[in-house]
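> I have a structure I would like to understand better, so I am pasting it below and will then ask my questions one at a time.
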Amino acid sequence: MVRQLLLDTETTGFEPSEGHRIIEFAALEMIDRELTGKSLHLYFNPERDIPQEATNVHGIKLEDVAHEPTFKERVSEIIEYIDGAELIIHNAKFDLKFLDHHFNEVGKKPTLAYAASAIDTLTMARNKFPGAKNNLDALCDRFNVDRSNRGYHGALIDCELLAHVYIGLTREQISLLAEETKQQASTNKVFKSFASADSNLIAAKLSDEEHHAHFEYLKQLDKTSKGSCLWYNKSKEFINE
């Protein structure tokens with residue numbers, strides 16, 4: 001059983017090295033390709049302004065999060081939640097860059113020192129649909145995922161949409177795996193049947209006349225091959241001329 005987390009963040013900008021901060025974090029738990037209903041959803045006070053360009057994307061204003069705790073105050077909760085999980089992120093490079101930067105600021109290790117691994121659905125989509133538009137909206141449309149409730153780019157709603165997109169991206173892969181498992185089970189059944197049948201076989205025994213007839217055949221073969229028939233020489237150990 002693999003514990004997976006659909007993960008997304010919203011930020012004040014594009015580069016943490018330029019002082020931009022995470023202001024929303026969301027992670028939805030999925031086990032065996034089913035959402036469990038468990039999640040971690042947090043807002044943070046960025047301790048800086050939120051540019052209008054960023055607000056235009058996610059709809060979050062500074063006054064909306066000014067009363068929220070800082071990332072540092074919730075970092076232990078995040079680490080505990082992602083511990084040992086496989087992260088599923090659309091454009092993972094972006095989110096991991098911010099998380100790693102914030103973890104480092106408070107003396108913590110990089111994200112993947114806690115989480116088991118990370119899957120980038122953007123990379124998956126580009127490999128599956130090269131040359132096509134592969135943002136979350138486009139993938140939702142491609143897999144007939146209802147995104148009518150998505151106004152702004154909220155981390156929580158994006159995680160929910162990503163869950164459906166991920167299942168769509170991996171459906172063919174899962175089907176192939178299931179077929180391979182089915183074929184292997186069938187093969188094992190055949191081998192087991194052969195093994196069972198073999199245990200009931202009775203070894204055939206040749207009569208003395210049959211042994212001598214076979215020896216004479218080998219003797220003639222040895223003569224024809226000018227003494228190079230190994231089985232004739234071996235048979236002389238058992239047949240007394």
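Derivation of every value follows stated rules applied to the coordinates shown; laboratory data play no part. All values derive from a computational prediction rather than experimental measurement. Note that each Cβ is placed from the backbone with ideal geometry, even for glycine, and that neighbours are counted across all protein chains shown.
> Taking the simple approach of a point 7 Å from Cα along Cα-to-Cβ for both Glu18 and Leu221, what is their distance in nm?
If labels sit at Glu18 and Leu221, their model points lie 8.4 nm apart.
> With the crude spin-label approximation of a point 7 Å out along Cα→Cβ, what separation in nm comes out for Ala132 versus Asn45?
4.5 nm
> While we're looking at this one, here's another question. If you rank Lys72, Lys223 by fewest surrounding Cβ atoms within 10 Å, what's the result?
Starting with the residue having the fewest Cβ neighbours, the order is Lys223, Lys72.
> Sticking with this structure for a sec: How much length is gained on full extension from Ile157 to Glu53, taking 0.36 nm per residue of separation minus their Cα-Cα distance?
35.4 nm
> Would you mind giving the three semi-axes, in whole Å and largest first, of the ellipsoid equivalent to the stretch 3-178 according to its Cα gyration tensor?
Semi-axes (√(5λ), whole Å): 27, 19, 14.
> Something else about it: Can you list the residues, at least 5 places off or on another chain, whose amide H is less than 5 Å from the amide H of Ala118, using H built in the peptide plane?
Leu87
> Given labels modelled 7 Å from the Cα in the Cβ direction, how far is it in nm from Thr123 to Ile31?
The two pseudo-label positions are separated by 2.7 nm.
> Which pairs, out of Lys61/Lys109; Lys72/Lys109; Lys61/Lys108; Lys93/Lys133, put more than 24 Å between their alpha-carbon atoms?
Violating the 24 Å limit, Cα to Cα: Lys61/Lys109; Lys61/Lys108.
> Separate question: Pairs of Cα atoms under 8 Å, at least six residues apart: use those to get the relative contact order of the stretch 3-178, whole percent.
Relative contact order for the stretch 3-178 comes out at 24 percent.
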